[in-house]
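Bear in mind these aren't lab numbers, they're just calculated from the coordinates by the rules spelled out. These figures come from a predicted structure and were not determined experimentally. Neighbour counts run over all protein chains shown; Cβ positions are idealised from the backbone, glycine included.
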Amino acid sequence: MVMRILDPVGELAKAPEGRPLRKVEALEGRRIGLLWSRHAASVKFWPVLEEVLVERFNPAEVVRLYKQSTWNPAPQEDVEEFARKIDYAVIGVGA
């Protein structure tokens, strides 16, 4: 019998050099991004959180990226497109 031991720490993508984060002065009236993995532990919580965020911050636009799988990250291309459409993001479990 062979036992394989895997490192549970994932490989992280590094942010491109020379591309600083933009500071958001206020959240009200801005474009909010909601990235959620649809993890079973959060299916009741996440919709309520979204409702509260929309009511509290009155965003100009709500952009959602809901993943179909909870065990792997969203594809880089999807995340980059998502990031171009928003001013700030709220990211859910395992996204």
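The listed residues are Lys23, Lys14, and the only one of them that is surrounded by fewer than 11 Cβ atoms within 10 Å (Cβ to Cβ) and more than 14 Å from Ala89 (Cα to Cα) turns out to be Lys14.
So which of Pro73, Pro59 is under 16 Å from Lys85 (Cα atoms) and surrounded by 15 or more Cβ atoms within 10 Å (Cβ to Cβ)?
Details: Pro73 fails: under 16 Å from Lys85 (Cα atoms).
Going through Pro73, Pro59 in turn, the sole match is Pro59.
Within region 69-79, can you find the residues that are within 11 Å of the chain's Cα centre (by Cα) and among the acidic types (Asp, Glu)?
So in region 69-79, the residues within 11 Å of the chain's Cα centre (by Cα) come out as 73-74, 78-79.
Scanning region 69-79 gives a single hit, Asp78.
Filtered by the rule that a residue be loosely packed, with under 11 Cβ neighbours inside 10 Å and either among the charged types (D, E, K, R) or closer than 12 Å to Ile91 by Cα (or both), region 26-56 gives Glu28, Lys44, Glu51, Glu55, Arg56.
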